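Student: Starting off with a structure, shown below.
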2 protein chains.
Amino acid sequence: MPAEKTTQKARSDSARAALLKAGRKLFGKNGFLSTSVNDVAAAAGMSKSGLLHHFSSKAALFEAVFEEEEKRLVAQVAADAAEAPGAEARMKRGARALLDALNDPVSRQITLIDGPAVLGWTKWRKIEAEHGIALIQATLEEARSEGSLSSLPGAAFSRMFLSALHEGAFSIIEDKSQRPAVEAMLDQMIGGLFEQG
Amino acid sequence: MPAEKTTQKARSDSARAALLKAGRKLFGKNGFLSTSVNDVAAAAGMSKSGLLHHFSSKAALFEAVFEEEEKRLVAQVAADAAEAPGAEARMKRGARALLDALNDPVSRQITLIDGPAVLGWTKWRKIEAEHGIALIQATLEEARSEGSLSSLPGAAFSRMFLSALHEGAFSIIEDKSQRPAVEAMLDQMIGGLFEQG
DNA sequence: TTATTTACCGACTAATGGTCTGTAACTTAC
DNA sequence: GTAAGTTACAGACCATTAGTCGGTAAATAA
């Protein structure tokens, strides 16, 4: 690799990436409260001031980490679900994929535990809506255009479903034997929707 | 009111009560992060040291506030639900009562938003299980002894149901017109349980 | 080549959670 | 009733930490 003259954008980008990576690791492991700006900066090989140059505050850094994590999760779920044929099957498959993804305590800490408290309910909700909820809604739209669902349920359904899914993930983490019961419950919620559709 | 010689227990009790009241108010209004120990102590007419004499830390104070709030909510819901005849009706009635109770932003902030982040997931879960979940489970037990439910669902059901309920409350707060959809969804979850029971 | 902007550092400030020491009021032992 | 012990606080102090403020060196624009 030639010693290339580092452009500012490159430096900036790689610094940001390092900060996001370190932030994800530390926030995810120790939680927002127990992680100091200094810790994150140090883990990214930088001073606190450097970090605050890229992100205006600790909360702003967390928000960026949170949004990245949300994107990652949704992409993963969507990719897995895409393999299933038909919207109903994709819903069920996606649910299982998210149950798996939320096994990761880092993901849980960031998206479900610290998220609402740090960002505030309103912003948390907004970001969730743009990612997770949007995926569910899109799948339901597909279902309708496939003809397997006549009336599109309101946003409340997607949220309640996703919330039950989150909680199911927690239940499974505490007691793995609950997984079939959780999946059954989710399938029933989905099924009920498609029956009456 | 005669100037009674204040016993220590009386002083202590009223001080604790004042701190809990002030804590609920401030934590509920501004969130845990934005509330200082000093603020709470001052609002309770006391110094920071006084507060820390009664509660070993800021988190300990929050935990006490949280648990009190949880008790309050459950008592309120249980009292309302008790009027309905039959376990299934009590479930549906209780769900509506909680939707109403969670209209209060103070209750929401404390129990749903700050709770998990401040107490940590494990402790939050444990306290929730002792109150909210316990009420649901008890009602389901009643249903079985009434004969309207043969197989008792596992804890996962109660949690997922409660979680959907919480989320439904949020949806309604954002858009009141969603209330019927939310209630329908909850009733369906309950109904599905009793049908197959 | 000069001027400006950008990435970053070190020193400082302000706020805050928690500790330590002291004191007055209450309580228990005698 | 009084001495000894305990309890409910207050105030001073300490350590951590989020965020600000110059300053410097590298990169970019003029």
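We did not get these values from a lab; they are worked out from the coordinates using the rules stated. The structure presented is a predicted model; accordingly, all values stated were derived computationally and were not measured. We place every Cβ from the backbone using ideal geometry, glycine too, and count neighbours over all the protein chains shown.
Student: As I understand it, the value is the acute angle between the Cα axis of helix A:8-30 and the longest principal axis of the Cα atoms of chain A; what does it come to in degrees, rounded to 10?
Tutor: Orientation of helix A:8-30: about 60 degrees from the principal axis.
Student: How tilted is helix A:155-174 with respect to the longest principal axis of chain A? Cα atoms for both, answer in degrees (0 to 90, nearest 10).
Tutor: So the inclination is approximately 70 degrees.
Student: Using +1 on the beta carbon of Lys and Arg, -1 on that of Asp and Glu, and nothing else charged, what's the dipole of the protein assembly as shown about the Cα centre, debye to 20?
Tutor: Result for the protein assembly as shown is approximately 1700 debye, rounded to the nearest 20.
Student: Of A:Val106, A:Leu51, A:Ala143, which is farthest along the charge dipole of chain A in the positive direction, counting Lys and Arg as +1 and Asp and Glu as -1 at C-beta?
Tutor: So the residue we want is A:Leu51.
Student: Continuing with the same structure: For the ranges B:158-170, A:98-110, A:77-89, A:152-164, what's the packing order if you count other beta-carbon atoms within 10 Å of each residue, average per peptide, and put the highest first?
Tutor: The packing order, highest mean first, is B:158-170, A:152-164, A:98-110, A:77-89.
Student: Out of B:Ala134, B:Ala184, B:Gln8, whose Cα points farthest toward the positive end of the dipole of chain B (charges: +1 Lys, Arg; -1 Asp, Glu; placed on Cβ)?
Tutor: Value computed over the given set: B:Gln8.
Student: Here's something else I'd like to know. Counting only other chains, what is the mean number of Cβ atoms within 10 angstrom of the Cβ of each residue in peptide B:29-39?
Tutor: That average works out to 1.
Student: Excluding B:Arg144 itself, what net charge comes from residues whose Cβ is under 14 Å from its Cβ, given Lys and Arg +1 and Asp and Glu -1?
Tutor: With Lys, Arg at +1 and Asp, Glu at -1, the neighbours total -3.
Student: Could you state the angle between the C-alpha long axis of helix A:58-81 and the longest principal axis of the C-alpha atoms of chain A, as a value from 0 to 90 degrees rounded to the nearest 10?
Tutor: Around 40 degrees separate the two axes.
Student: Please list A:22-28, A:126-132 highest first by mean number of surrounding beta-carbon atoms within 10 Å per residue.
Tutor: A:22-28, A:126-132
Student: Evaluate peptide A:183-194: per residue, the Cβ atoms of other protein chains within 10 Å of its Cβ; return the mean as an integer.
Tutor: Counting other chains' Cβ atoms within 10 Å and averaging over A:183-194 gives 3.
Student: Hey, another quick one. With respect to the cross-link table entries A:Lys92/A:Lys176; A:Lys29/A:Lys126; A:Lys71/B:Lys126; B:Lys58/B:Lys126; A:Lys58/B:Lys58, which display a Cα-Cα separation exceeding 28 Å?
Tutor: A:Lys71/B:Lys126
Student: Over all distinct alpha-carbon pairs, what is the Kirkwood Rh of segment B:115-197 in angstrom?
Tutor: 14.0
Student: Using the C-alpha gyration tensor of segment A:152-197, what are the square roots of 5 times its eigenvalues, in whole angstrom, with the largest one first?
Tutor: Working through the eigenvalues yields semi-axes of 22, 13, 4 Å.
Student: Using the C-alpha gyration tensor of the protein assembly as shown, what are the square roots of 5 times its eigenvalues, in whole angstrom, with the largest one first?
Tutor: 35, 35, 16
Student: In debye, nearest 20: dipole of segment B:30-91 around its Cα centre with unit charges on the Cβ of K, R (+) and D, E (-)?
Tutor: 300
Student: On to the next question. Within 10 Å, count the other beta carbons around each residue, average over each peptide in A:9-19, B:57-67, B:172-182, and list them highest first.
Tutor: B:57-67, B:172-182, A:9-19
Student: Here is a follow-up. Kindly give Rg over Rh for segment A:1-55, based on alpha-carbon atoms, with the Kirkwood expression for the hydrodynamic radius.
Tutor: So for segment A:1-55, dividing Rg by the Kirkwood Rh gives 1.06.
Student: So how compact is segment A:71-139: Cα radius of gyration and Dmax in angstrom?
Tutor: 12.6, 39
Student: May I ask you to report, in nm to one decimal and beginning with the shortest, the distances from B:Val37 to the same position in the other copies, taking label points 7 Å along Cα-to-Cβ?
Tutor: Nearest to farthest, the other copies are at 2.3 nm.
Student: Bin width 10 Å, alpha-carbon pairs only: give the P(r) of segment A:58-196 as whole percents, running from 0 to the bin holding the largest distance.
Tutor: In whole percents, the pair-distance histogram is 12, 43, 34, 11, 1.
Student: Per-residue Cβ counts within 10 Å, from other chains only, averaged over B:163-170: what number is that?
Tutor: 6
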